[in-house]
Every structure is written in structure tokens, then in C-alpha cells.
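J.: One structure coming up, written as C-alpha cells, with questions to follow.
The values are calculated or read from the model by the stated rules, or taken from the named source; none is laboratory data. Remember, predicted model here, so these are calculated numbers, not experimental data. Heads up, the Cβs are rebuilt from the backbone with ideal geometry, glycines too, and the neighbour counts pull from every protein chain shown. Side chains are part of the model used for accessible areas, which takes the heavy atoms of the whole protein and leaves out ligands, DNA and RNA. Shrake-Rupley method; radii C 1.70, N 1.55, O 1.52, S 1.80 Å.
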Amino acid sequence: MQENLEVKYHQQSLEMLGLNGVLKKQPVPELIEWAKTNNIVLPAAYIEWAQLGGEELLERYSNDDRFHFGESEIVTTPEGVKGLWFHQENQGNFTMIVALDRGDDPPVLYSDIGQPPWIVYTEKFSDFVFAQIFDWQYKLEFDTESDEKWIVYTGNIDLKTSKRVSILRDLFEELVTTNFIIDDEPFTVYRFWKSLQERISVIIIPDGTASIEISGEYNLVLALEADLLETFTEEVVPRAFDSVGRAVDFLSSVLDNGLTSKLRHAFIEKPSQAAIDLLLECHRSIPLRERALNQSFPKSGSEFELGGAQWGLVLCFRRDDPTWWWSIEKIDKSSL
């Protein structure tokens, strides 16, 4: 028989999901018996999440990752830390273990492709749960009948430097920090929120740059993304595109939705309002997708122009390296 469960470690995660006081205790006798048989002392926070049906919740709020709260592999790191395997990325790119014999709410350790080194992902297991739900709750949309899920819109801002990221601490509430590695390179993710429906994750990248992701309710995300673009206006990296079609699709979308700040910061040389109005007039008369049909970037060179007299303007593109990625330099009318 199910009974009420007083939540000690995961109350904030349940509040974020709107489930605090709703979920009931689920007995986990097989897990307890397996641990007892193998002389394993399971952390209280781990047991509590298992009792709350946490495996299913974590699978729901993930990119189809694997989570396991039952008989599992015991991993011993080169540093001698024993941990219980419980999470693997859906293609095996990383693995996580919860440390054993490290208290009631112990660290979660992360390894790239399941191999040493193992680093501390979160200082507490409850922080892992919170971060996982924080990251994925608004990034996914579910079919109410089939429970099929797909990734939806998030705001994204790449920064030339991470030096001014600390300003977010003055603007928003800071939450859980996580660490991970890729090819032995360390990354750190800071999390903030303006409200439950307005969430910010900042990835600090080893080369000194940073990437901001905004998730939440759609209209709030758009507004918050615009605010952050203005806050970091000098550090924003302009968008880059691997095809004319993708560039035109982006411009069409931001013009159709009136996302002026997002449009301005997509250019190397931020356009004036008069230039934006000119581009909008061009798009309204004949959609940019139709105007740019069958256009493609050249295979060589570093400059490309799209438009002309029939457009009433020229979009100047530039690439600074030999890749296929092009940035929009400016809106130009002087060359017509």
C-alpha cells in the first residue's frame, strides 16, 4: 500500500515540476534487498528519488538517456571512490555514478564515454536531479496521447568571452552548478532563473568563450533572450550559417516574429532601424525565401552578396576561416 512520503532531499525538484505533495511513496524492496545482499549502503537521497518513481521522471526529462535505480554495476575510480552506475547518455557518450559511503546526499561523478578520469558533476545527488529537470523540463514537448516527445525552441546566445558572465549573479538567482569533460577538456555549467518559467544555463567553454541557453515558456524566453542580447551586446557572436537557405530561413523567422534584437545581433555590423525597416519591406513585398531560391554560397572566397536592385538592398556575407560557415556582415544599399 502506498503512503505519504515526507520529502527531505528532492522537495525543490518536485516544486519545479508542480508535484510537491502529489507523489506518493513507492516501495522499492528489490533495490533494498539487493543492496543488503551485496553489503551496499545506498545513499538516502538516492533511495528517496527511487521511492518517488524518479527513474521514470528522469527518463521523461532527458534526451532518451538511460537511468537505472536497481541492481547495478559498482564502479571504483582510480582515486578509490566507489560509485553506483545509474545514468548513461543515449549513445553512451558519458556515464554517471552516485558515490557510495560519502553521506546521505553524496556527489555524482561524470566520465566521458565511461572511462577515467571521473570528475564531480554535482556535489550532491539531489543537485543532479534538480539540474536534469531544470535543463529539460521546458526543452521538451509531449504528445498527450502517445507521450512521444520532441525538442522545442530555446534561446541561444554565443559569447566571445566568459569574462562578464558573473553579471548574471547580480540579476538572477543562481542555482546548481555542474561540471563535465569532453576529450579531457573541462566545461562548467552555471544555472540561473528569473522565474520558474524563465531559465538560463551558461556553459563556460575551455577556450574562454561561453554559450547561453534560455528555456521556459515560449513568449517569456523570447523576451528574456532579447534582454540578454542587449546585456551582452558587445560580446555576442553573430550567427553563422552553412547555407543560404538556412540564413534566409533565420532572417525570415525573426522578421515575421518582430524579434528586432535577435536580428540586430545576427549581423557583424549591427544594422540601424532604417536598414531593418528596409529589409522588412523587402521581405513583405516578396518573401526572402522566394527571393533567394536556388542561391548558394560559393565554394571559394571569403565574401558573398545576396540581393541587388530588385531587392532594394544587398546582404553582405563573410567568412573568416576555410569552413562552410558564413556570417552576415551588413545590410548595404550604397552599392546599388
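J.: Taking the Cα centre of the chain as origin, work out the dipole magnitude from +1 charges on Lys and Arg Cβ and -1 charges on Asp and Glu Cβ, in debye rounded to 20.
T.: That gives a dipole near 920 debye.
J.: Which whole-angstrom value gives the distance between the alpha carbon centres of the range 258-311 and the range 115-181?
T.: Computed from Cα coordinates, the inter-centre distance equals 33 Å.
J.: What does the accessible area of residue 302 come to, in Å² to the nearest 10, when a probe of 1.4 Å is used?
T.: 60 Å²
J.: Let's see if you can work this out: charge +1 on each Lys and Arg Cβ, -1 on each Asp and Glu Cβ, no other charges. What is the dipole magnitude of the range 4-112 about its Cα centre, in debye to the nearest 20?
T.: 260 debye
J.: Run the quick spin-label model on residue 171 and residue 305: label points 7 Å from Cα toward the beta carbon, then report their separation in nm to one decimal.
T.: 3.7 nm
J.: Another question, then. How large is the accessible surface per residue of the range 181-336, computed with a 1.4 Å probe and reported in Å² as a whole number?
T.: That works out to 51 Å² for each residue.
J.: If you don't mind, another one. Of 168, 157, 144, which is farthest towards the positive pole of the range 131-185's charge dipole, taken about the Cα centre with +1 and -1 on the beta-carbons of Lys, Arg and Asp, Glu respectively?
T.: 168
J.: Just the number, please: carbon plus sulfur as a percent of the accessible area of the chain, 1.4 Å probe, no ligands or DNA/RNA counted.
T.: 46 percent
J.: Let me cross-check residue 260: its accessible surface, 1.4 Å probe, with only protein heavy atoms counted, in Å² to the nearest 10?
T.: For residue 260, the solvent-accessible surface is approximately 50 Å².
J.: Can you work out the Karplus-derived ³J(HN,Hα) for every residue in the range 11-18? Use 6.51 cos²θ - 1.76 cosθ + 1.60 with θ = phi - 60°, whole Hz, and x for glycine or proline.
T.: With the stated coefficients, the range 11-18 comes to 4, 5, 5, 5, 4, 4, 7, x Hz.
J.: Using 0.36 nm times the number of residues separating residue 268 and residue 101, minus their current alpha carbon distance, what extension gain do you get?
T.: Length difference between fully extended and current span is 54.8 nm.
J.: Which FRET efficiency value, to the nearest 0.05, is calculated for residue 277 and residue 123 with the Förster distance at 45 angstrom and r the Cβ-Cβ distance?
T.: So, using R0 = 45 Å, E works out to roughly 0.30.
J.: Still on this model: How much net charge surrounds residue 34 when only the other residues with a Cβ under 14 Å from the Cβ of residue 34 are counted, with Lys and Arg +1 and Asp and Glu -1?
T.: -3
J.: On a 0 to 90° scale, report how tilted helix 125-136 is relative to the longest principal axis of the chain, with both axes built from alpha carbons and the result rounded to the nearest 10.
T.: That works out to roughly 30 degrees.
J.: Next up: Which aspartates and glutamates does residue 160 reach when only Cα atoms under 19 Å apart count, and residues fewer than 8 places away in its own chain are ignored?
T.: 185, 207, 213, 225, 227, 230, 234, 235, 269, 320, 321, 329
J.: Read phi for every residue in the range 161-169 and hand back ³J(HN,Hα) as whole Hz from Karplus 6.51 cos²θ - 1.76 cosθ + 1.60, θ = phi - 60°, with x for Gly and Pro.
T.: These are the phi-based 3J(HN,Hα) values: 8, 9, 4, 9, 4, 4, 4, 5, 5 Hz.
J.: Of the options 327, 177, 205, report the single residue whose Cα projects farthest towards the positive end of the charge dipole of the chain (beta-carbon charges: Lys, Arg +1; Asp, Glu -1).
T.: With unit charges placed on the Cβ atoms, the residue in question is 327.
J.: Compute the Cα gyration tensor for the range 1-98, then decide on rounded, prolate or oblate, letting a ≥ b ≥ c be the square roots of its eigenvalues: rounded whenever a/c is under 1.5, prolate when a/b is larger than b/c in the other cases, and oblate in all that remain. Before the final figure, lay out each step's value.
T.: Values: a/c = 2.00, a/b = 1.28, b/c = 1.55.
Oblate.
J.: Let me ask something else. Using the Cα gyration tensor of the range 182-335, with a ≥ b ≥ c the square roots of its eigenvalues, what is the shape: rounded (a/c below 1.5), prolate (a/b larger than b/c) or oblate (neither)?
T.: In terms of gyration-tensor shape, oblate.
J.: I would also like to ask the following. On average, how much accessible surface per residue is there in the range 76-153, in Å², for a 1.4 Å probe, leaving out ligands, DNA and RNA? Write out the running numbers ahead of the final one.
T.: Numbers: 3630 Å² over 78 residues.
With all protein chains present, the range 76-153 gives 46 Å² per residue.
J.: Moving on to the next point. May I ask which of 149/194; 25/149; 36/82 have a Cα-Cα span longer than 20 Å here?
T.: Violating the 20 Å Cα-Cα cut-off are 149/194; 25/149.
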